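Beneath this line is the structure, given in structure tokens, with notes to follow.
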Amino acid sequence: MVKSSLMLRNIKIIDIGLLGMYYFVGSLVFITLFNKVFRTIYRNDKYPIKKVSTLTLFFQTCFQAASISVVSFYLRHFVRGIPYIFNGMYGYNHFRTKEVNGGVVIAFAMITVFSDFKERAIELAKRLEL
């Protein structure tokens, strides 16, 4: 009984670690793409963030937040579809693991590493004195 409980706990810990890695790698791929795409769309070289009007900056930041949310939605569904080799062993159910949703990992990675979004959000907060 103790061995079964210990094995179940180890299987869950391995699953949580793998899920964290999947979300981290997926987030990094999308962050790299987002940084390039949004810097091209918003033409940061020609229109620095400090020179963009507050209303435009607000809409740009909202659009980036919406894009992050949509990509996060699809990334979660993609990761859920990755089979887990230990699913079913010792009664373990991969889909009952809360971390399979990965919202916290995605949000943390996207917001802290997505530099263009972070710069715009900080500048917007300064302007609105939040």
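Each value in this text was obtained by applying a stated rule to the coordinates, not by laboratory testing. Values in this document were obtained by computation on a predicted structure and should not be read as measured data. So basically every Cβ, Gly included, is an ideal-geometry build from the backbone, and we count neighbours across all protein chains shown.
General remarks:
- In Hz, Karplus ³J(HN,Hα) per residue of the range 70-86 (6.51, -1.76, 1.60; θ = phi - 60°; x = Gly, Pro): 5, 5, 4, 4, 5, 5, 4, 5, 5, 5, 4, x, 6, x, 10, 4, 9
- Estimated FRET transfer efficiency (Thr56, Met21; beta-carbon r; R0 41 Å; 0.05): 0.65
- Each label point was placed 7 Å from the Cα along the Cα-to-Cβ direction; for Ile13 and Thr40 their separation is 4.4 nm.
- Straight-distance crosslink candidates among lysines, where the alpha carbon sits under 27 Å from Lys36 and sequence neighbours closer than 8 are dropped: Lys46, Lys50, Lys51, Lys118, Lys126
- Phi to ³J(HN,Hα) by Karplus 6.51 cos²θ - 1.76 cosθ + 1.60 over the range 11-16, Hz, x for Gly, Pro: 4, 5, 4, 4, 4, 4
- Averaging Cα coordinates gives a centre for the range 1-45 and one for the range 46-60; these two points are 31 Å apart.
- Between Leu28 and Ile85, the FRET efficiency estimated from the beta carbon spacing at R0 = 25 angstrom works out to 0.60.
- Applying a DSSP loop filter and a limit of 13 other Cβ atoms within 10 Å to the trypsin sites (Lys or Arg not before Pro) in the range 10-43 leaves Arg43.
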